[in-house]
Amino acid sequence: DQIYLGTLVSIGDTWKLIDAPSDNQPQVGGFLAVPGQQQANAGGENSPSEEMQKQLQVLEDLDKKGDSDTPEQIAATMDQRIAALTQLAKIAPEADRDQWYRQLIDVLSIAIQSGGYPKGVEQLNLLQKSLEETKADEDLIAHAIYQHMWAEFLINQRDPNGNAAELQSKWL
């Protein structure tokens, strides 16, 4: 749930509340609001499509279930999570697409770093190449490249025969 505070104004190091709504609902046309400003509502133009809602439900179910899962069970459901995030990234409005790809990149990176998802490096590499081929945002591609490099660095550090100085030098 959200708590609507009204308008906040920064005065020095302090934030002041200047027009709090009385019924805990957003008010249109507050002190600093643009006249005619509207809040996005359920079913409005910014609401998720039916397919997006299905994929979001899959993620929510995995999150709820994951609270009690063992690391092995979490790794087993990783393919479902990645599929849902991939689908969300593909069907999301263009303005929101990058956030889903970023979340997918981060999930893959964390899965790789945890050591519980062996095919994660390959998946992250394929995603990076796909983003490059589709000429995605440069910052998004850079994020994928960085997470891929970081994940490989951490994997290589786990190697008992690895040379720590050489790995650090390569990382830098």
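The values are calculated or read from the model by the stated rules, or taken from the named source; none is laboratory data. Note that the coordinates shown come from a computational prediction; the quantities given were computed from them, not determined experimentally. When we count neighbours, we look across all protein chains shown, and the Cβ atoms used for this are built from the backbone with ideal geometry, even at glycine. What goes into the accessible areas is simple: the full protein's heavy atoms, side chains included, and nothing from ligands, DNA or RNA. Shrake-Rupley method; radii C 1.70, N 1.55, O 1.52, S 1.80 Å.
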query = Taking the stretch 119-140 as the search range and keeping residues that are over 28 Å from Asp159 (Cα atoms) and hydrophobic (A, V, I, L, M, F, W, C), which one is most open to solvent (accessible area, probe 1.4 Å)?
reply = Ala136
task = Specify the residue that is modelled with the lowest pLDDT; the eligible residues are those in the stretch 61-71 that are open to solvent by 60 Å² or more (accessible area, probe 1.4 Å) and within 27 Å of Ser47 (Cβ to Cβ).
result = Lys65
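Residues are listed down the side, and each one gets a yes or a no for (1) open to solvent by 30 Å² or more (accessible area, probe 1.4 Å); (2) among the hydrophobic types (A, V, I, L, M, F, W, C); (3) in contact with a Leu (Cβ under 6 Å, 6 or more places away or on another chain):
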{"site": "Gln73", "(1), (2), (3)": "yes, no, no"}
{"site": "Asp79", "(1), (2), (3)": "yes, no, no"}
{"site": "Leu85", "(1), (2), (3)": "no, yes, yes"}
{"site": "Ala92", "(1), (2), (3)": "no, yes, no"}
{"site": "Asp96", "(1), (2), (3)": "yes, no, no"}
{"site": "Ile105", "(1), (2), (3)": "no, yes, no"}
{"site": "Ile110", "(1), (2), (3)": "yes, yes, no"}
{"site": "Ser114", "(1), (2), (3)": "yes, no, no"}
{"site": "Tyr117", "(1), (2), (3)": "no, no, no"}
request  = Identify, by number, the condition in (1) open to solvent by less than 90 Å² (accessible area, probe 1.4 Å); (2) out of contact with any Ser or Thr (no Cβ under 7 Å at 6 or more places or on another chain); (3) at pLDDT below 85; (4) farther than 30 Å from Glu50 by Cβ that Ala151 doesn't meet.
outcome  = (2)
task = Please identify the pairs in which a residue from the stretch 1-17 that is loosely packed, with under 10 Cβ neighbours inside 10 Å has its Cβ atom under 9 Å from the Cβ atom of a residue that is at pLDDT below 75, counting only partners at least 6 apart or on another chain.
result = Gln2/Pro26; Ile3/Asn24; Ser10/Lys16
key: Residues of the stretch 98-132 satisfying the condition of being of a type in the set (Phe, Trp, Tyr) and more than 17 Å from the chain's Cα centre (by Cα)   = Tyr117
ask   = Mind checking whether some residue in the stretch 132-146 is at pLDDT 85 or above, part of a helix (DSSP H, G or I) and under 28 Å from Glu50 (Cβ atoms)?
value = yes
